[in-house]
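First comes the structure, then the notes that go with it.
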Amino acid sequence: MNEGKVFSLYDFTALTKWIDTGLHHAMSPFWAVITELLIIGVLILIFYALIGLFLVYAERKVCAFMQNRLGPNRVGPFGLFQTIADLLKLLFVELVPIKNADKFLFNLAPFIVIIASFMAIAAIPFAKGLHAIDLNIGVFYVMAVSAMGVIGILLAGWSSNNKYSLIGAMRSGAQIVSYELSVGLALITVVILAGSMQLSVIVEAQRDGWFIFKGHIPAFIAFILFLISSTAETNRGPFDLAEAESELTAGYHTEYSGIKFAFFFLAEFMNMFIVASIAATVFLGGWMPLHFGAWAAGFNHVMDFIPPFIWYIVKTFFVIWLMMWFKWTFPRLRIDQLLTLEWKYLLPFNLVNVLVMAFIVLMGWHF
Amino acid sequence: MEEEVKQTGINEQEEYIINMGPQHPSTHGVLRLVLSLKGEVVKNVEPHLGYIHRGIEKMCESITYQQIIHLTDRMDYLSAHINNEAVCLNVEKALEVEIPDRIKIIRTIMSELTRIQSHQLFWASFGMDLGGLTCFFYGLRDREKVLDIFEETCGSRMIVSYNCPGGLMYDIHPNFQKRVKEFLKYFRKKLPEYDQLLTGNVIFRERTVGIGKLSLEDAISYGVTGPSGRASGFSCDVRKHEPYSAYDRVRFNEILFTEGDTFHRYFARIQEMKESMNIIDQLIDNIPEGPYAVKMKPVIKLPEGEYFQRVETARGELGVYIISDGNKNPVRVKFRSPNFVNLGVLNHIARDFKIADLVAIGGSLDMIIPDIDR
């Protein structure tokens, strides 16, 4: 089992097991668990901040190159520290108090949004044995948690005491609730194929081929549908109706300033990252290397040497790049067109797609 | 409280009133629209003007005719050259000065370049109104090329003030013809990109086709001119009907559509850019030699009487009406600005559409706020 050997090179299970047993030897089980939680929390927090900062930079660079300009290039090499400078500015900027705003909800809203995206990261497998929690209903958990963000957006719109914010929040509510269905159904298509909702099992099932190749046409359609509806779910263009700069100035976060605005901003980018990593995990094989059949054994072997974390990051950023690409190309939809697209086109299409996939799996026609 | 609501007259109860502007990304300046909404649907639009009123017409009464030129730049700043031309033509008509061909042709070329750059900016900002931010940079990229030509010849990029009564301020730059030809060659290649990015886009079509329809009757009765009026089938091109400068010697089509929706108001402008390029093509090689200005008296005094001249700016018909009592200052100057009249139709066509449509319709009317307020 040559293949297995290479994989064990990059297996994080041994490392995490070793830390776990070490902690349990050193202290009582209660404190060991607390320490583990702390370590994981801090690690995820750092990862979250780094990815968030990098995504903001990436978006600015990508959109700059699509628009014939250079983008940030003054602070640090290639403007890499621009986002850090921006973040520092946001940290120190004055928090403007809003008259007649519902203070409690107004302050609570950004935290709900950011906690929702923070929790979703916990279930994502970055490499073998490298995820915070491996739930047996991983897909379901990620969907449920990321859907919580809409509460924050609705609260922000309601409590700001601003008419633009309220319209933005209402739009966002209608939009996210509708597109949640499509996201769910697109994922169910793959869950049927994999036979499990556990993300690690889904990844493991793609050892000899990613689902997007394995699952015939339905899986490919599901990938496209997932891409469209998850873009809508994360409030990104061309579905950025909740912000709709040219209509509602800034939508639900019009009244937010300073670090509270930064929370919304960061959460939006992290939601994009989460959605992209789910797409990568479920459709593009997660941290699995690119493998062809037995006829390309040499190629497969070389691919095994690239660490799984790199595979995961590359795939995720490929999906993120796709999302940026169409954000910076398409004009925005109107609210009724957005809902029409979901309820009249995507949803029926998705339902048929799920049926077709179920049929294929039943007949055993998949690879 | 209830009576108070009634007194304002614009809204009934249960309507959601929103102030769009004076600071708002899609009003393109300091226009304030008071919207009454029912959900997302716009029930009434009431424009509130005057945020950038500088009293240009009143100021004109105390300055000379040469000085008026510089104020007209500041009305519709994207058609600065054409506004200048309107005043100059009016003064020249009043004084019965014969203008040599060279001046006429240079004025026409400059007017058409102005029209092209104005429509480029329209395209750029219209794309941005609809949420396609990339359009803005594409449009401005090409507009820079025209502005560079202006800079070389007029010394200024946007507020050119290149005309003066009797001719031009100075001669064209030796590079002018070469640069214009280069630009035409460049822009002919780039214009299809505009169609790829926006015109052919499914979302764009969905957002614009059939939105904000303006019928021919309404276009005529509201006096909507320019590409916005021609999209409804209102043949109102002053260049065609009352040719001035060198428009009588060039062949071009008046772009006419019958649909009158947002898409065709947009499309008329795209087509006009092509026509403008054709006009320049016909003239650029035929600039005769000669003086760049007719010798005029240092102090221009119009004979007593009333004078009117209209021209076609990038947004429609600009009329300049001057009453003179024989002094060096006019008694009264009135500008019939296209944007003010075009704005009047906004409530009529945007009613019962959504907020997003209002933004699209407002964008397709291509309003320049300083021209509305003057």
Checklist entry - Could you give the length gained on full extension between A:A26 and A:I115, defined as 0.36 nm per residue of separation minus the Cα-Cα distance, in nm? => result 28.9 nm
Checklist entry - Amide H to amide H, which residues 5 or more places from A:W328 or on other chains are under 5 Å from it, using H placed in the peptide plane? => result none
Checklist outcome for this item: Neighbour-count ranking for A:T16, B:T134 (other C-beta within 10 angstrom, fewest to most) reads A:T16, B:T134
Checklist entry - What are the lysines whose alpha-carbon lies under 29 Å from the alpha-carbon of A:K89, with same-chain residues fewer than 8 places away excluded? => result A:K61, A:K99, A:K103, A:K163, A:K260, A:K327
Checklist entry - So, counting K/R as plus one and D/E as minus one, what does the shell of residues with Cβ under 14 Å around A:L105 add up to? => result 0
Next on the checklist: About the Cα centre, and with charges only on the beta carbon of Lys, Arg (+1) and Asp, Glu (-1), how big is the dipole of chain A? Nearest 20 debye, please.
Outcome noted: 560 debye
Checklist outcome for this item: The lysines whose Cα lies under 18 Å from the Cα of B:K93, excluding any fewer than 8 residues away in the same chain, are B:K104, B:K295, B:K297, B:K301, B:K328, B:K334
Next on the checklist: Students often get this wrong: which residues of the range A:316-335 have the backbone nitrogen under 20 Å from the point 7 angstrom along Cα-to-C-beta of A:N68?
Outcome noted: A:325-331
Item to check | aspartates and glutamates whose Cα lies under 16 Å from that of A:K17, excluding same-chain neighbours fewer than 8 positions away | outcome: A:E36, A:D134
Next on the checklist: At a 10 Å Cβ-Cβ cut-off, how would you order A:W325, A:W210, fewest neighbours first?
Outcome noted: A:W325, A:W210
Item to check | Cα→Cβ-extended label distance, 7 Å offset, between A:M363 and A:V75, nm | outcome: 5.7 nm
Checklist entry - Among A:Y252, B:Y138, A:Y141, B:Y65, what is the fewest-to-most ranking by other Cβ atoms within 10 Å? => result A:Y141, B:Y138, B:Y65, A:Y252
Next on the checklist: I need to check one value: relative contact order of the range B:58-345, counting alpha carbon pairs closer than 8 Å and at least 6 residues apart, in percent.
Outcome noted: 26 percent
Item to check | HN-Hα J in Hz across the range A:113-123 - Karplus 6.51, -1.76, 1.60, θ = phi - 60°, x for Gly and Pro | outcome: 4, 6, 5, 4, 6, 5, 5, 5, 4, 4, 8
Checklist entry - Once the Cβ-Cβ distance between A:F104 and B:I323 is put in as r, and R0 is 60 Å, what FRET efficiency do you end up with, to the nearest 0.05? => result 0.40
Item to check | Amide H within-cut-off set for B:H24, under 5 Å, with H built and near neighbours excluded | outcome: B:G29
Next on the checklist: Give me the extension gain from A:Y345 to A:F292: residue separation times 0.36 nm, minus the current Cα-Cα distance, reported in nm with one decimal.
Outcome noted: 15.7 nm
Next on the checklist: Can you give the FRET efficiency to the nearest 0.05 for B:R205 and B:V41, using r as the Cβ-Cβ distance and R₀ = 30 Å?
Outcome noted: 0.90
Item to check | In Hz, Karplus ³J(HN,Hα) per residue of the range A:75-85 (6.51, -1.76, 1.60; θ = phi - 60°; x = Gly, Pro) | outcome: 8, x, x, 6, x, 4, 8, 4, 5, 5, 4
Item to check | Karplus (6.51, -1.76, 1.60) ³J(HN,Hα), θ = phi - 60°, over the range B:272-289, in Hz, Gly and Pro reported as x | outcome: 5, 4, 5, 5, 4, 5, 4, 4, 5, 3, 6, 9, 4, 8, 10, 7, x, 6
Checklist outcome for this item: Once amide hydrogens are built 1.01 Å from N within the peptide plane, the residues lying 5 or more places from B:K354 or on another chain with amide H under 5 Å from its amide H are B:V42
Next on the checklist: With n ≥ 4 as the cut-off for DSSP H runs, can you work out [θ] at 222 nm for the protein assembly as shown, using -39500 (n - 2.57) per run divided by the number of residues, rounded to the nearest 500?
Outcome noted: -18500 deg cm²/dmol
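Where a number appears in this text, it was derived from the coordinates with a stated rule and is not lab data. A quick note: this is a predicted structure, and the numbers were derived from the prediction, not measured. Here the Cβ is made from the backbone with ideal geometry for all residues, glycine too, and neighbour counts use every protein chain on show.
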